[in-house]
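Enquirer: Quick one: structure below, then a few questions.
Since every read-out is calculated from the coordinates, none of them should be taken as a lab result. Just so we're clear, the structure is a prediction, and the values are computed from it rather than from any experiment. Neighbour counts are summed over all protein chains in view; Cβ atoms, including those assigned to glycine, are modelled from backbone coordinates with ideal geometry.
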Amino acid sequence: MQEEGNEIKEIIQEDIWGSVKEFLNLGFHLGEGEKSIHLTVGLLLLLTVAFIVTKFVLKWLRHLLTRKMEQEDKLKFSSVFKFINYVIYVVVVLVTLSAAGIDITLIITASAALFVGLGLALQELFQDILGGIFIIVDKSLQVGDIVEVDGKVGKVFEIKLRTTRALTRDDKVIIIPNHKFISDIVHNYTQNHKTTREKVSVGVAYGSDVTLVTQLLEQVADEEKQVLKKPKPFVLFDDFGDSALLFSLHFFTNDSFGDPKIKSNIRYAINTKFIENNVSIPFPQRDVHIIQQKPQENKNFDS
């Protein structure tokens, strides 16, 4: 029995396992010793298994991280996850090659020098990608937000890993690099809520009935459909100007994107109300005094 067991063990070790090892060692063998490179069937199988295992692990992690997110946030997170996948796959390849006995020092050294050069050349690109990750993770920007960047106002309709796209008030698309949202001052009109407070300024002539002016401005706000009734609009007497008494009508609206049109309607209505009630809007006037000097007379004296 012991001899039969030894024979079976030898058959398994020498014949079966030996055949498997020979099959796994099939491939290209370059060099000898420590500097040798072996591209074999076993290495390819090891890489394949490593990729399959990595894929399932990443899929599980993605499900774990996004299971409580809304569908829109999941779609945005997929871009981040794709970028992470590429990095992890490169690491898996390097680790697998190292485990297979291939010296990856030269590869790492060359890659480090390459990445330093690329990092300097593509510094802004990496800043955009990091900005996109921060935007998606901390939700500092949402689709539908109205933002002002570099003096341009737009409504965000798409957030990607590198750029954010917004539609301006004149129906033009602006592409905003994501690093703008982490390095520059960006005004988000609808970060806290959709309602914003706006104002229209106007000046009236000195001597006008300020109580009447206040009432007329309040009437204009009440009659404008796009102006919210609550919070209630209000009028401020801002200052005594050089040529006019300065007032401002403050109102609330939930259509910040259409703000210019609302203000235009209000100005039309103010002009109509003032004409009907004999309230004048002055314009700067200057008095110019021209002083003429008499020409000096030349007197000739006889010597």
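Enquirer: Cα-Cα over 29 Å: which of LYS180/LYS229; LYS55/LYS172; LYS152/LYS199? Intermediate results must be reported in sequence, preceding the final value.
Expert: Numbers: LYS180/LYS229 36 Å; LYS55/LYS172 40 Å; LYS152/LYS199 19 Å.
Where the Cα-Cα span goes over 29 Å, the pairs concerned are LYS180/LYS229; LYS55/LYS172.
Enquirer: Then there's this: How far apart, in nm, are the 7 Å Cα→Cβ label points at GLU276 and TYR206?
Expert: With each label point 7 Å from Cα toward Cβ, the separation is 3.0 nm.
Enquirer: Let me ask another. Using θ = phi - 60° and the Karplus relation 6.51 cos²θ - 1.76 cosθ + 1.60, list the HN-Hα couplings for region 135-147 in order, rounded to whole Hz, with x at every Gly or Pro.
Expert: Those phi angles translate into 4, 6, 6, 8, 6, 6, 9, 10, 5, x, 5, 9, 10 Hz.
Enquirer: Starting from the Cα-Cα distance between VAL57 and ILE88, subtract it from 0.36 nm times their residue separation and give me the gain in nm to one decimal. Intermediate values should be presented prior to the final figure.
Expert: Numbers: separation 31, 0.36 × 31 = 11.16 nm, distance 1.10 nm.
Gain on stretching VAL57 to ILE88: 10.1 nm.
Enquirer: Next question. Extension gain THR168-SER264, at 0.36 nm per residue separation less the Cα-Cα distance, in nm? Please report the intermediate quantities before stating the final value.
Expert: Working: separation 96, 0.36 × 96 = 34.56 nm, distance 1.78 nm.
Net length gain for the segment: 32.8 nm.
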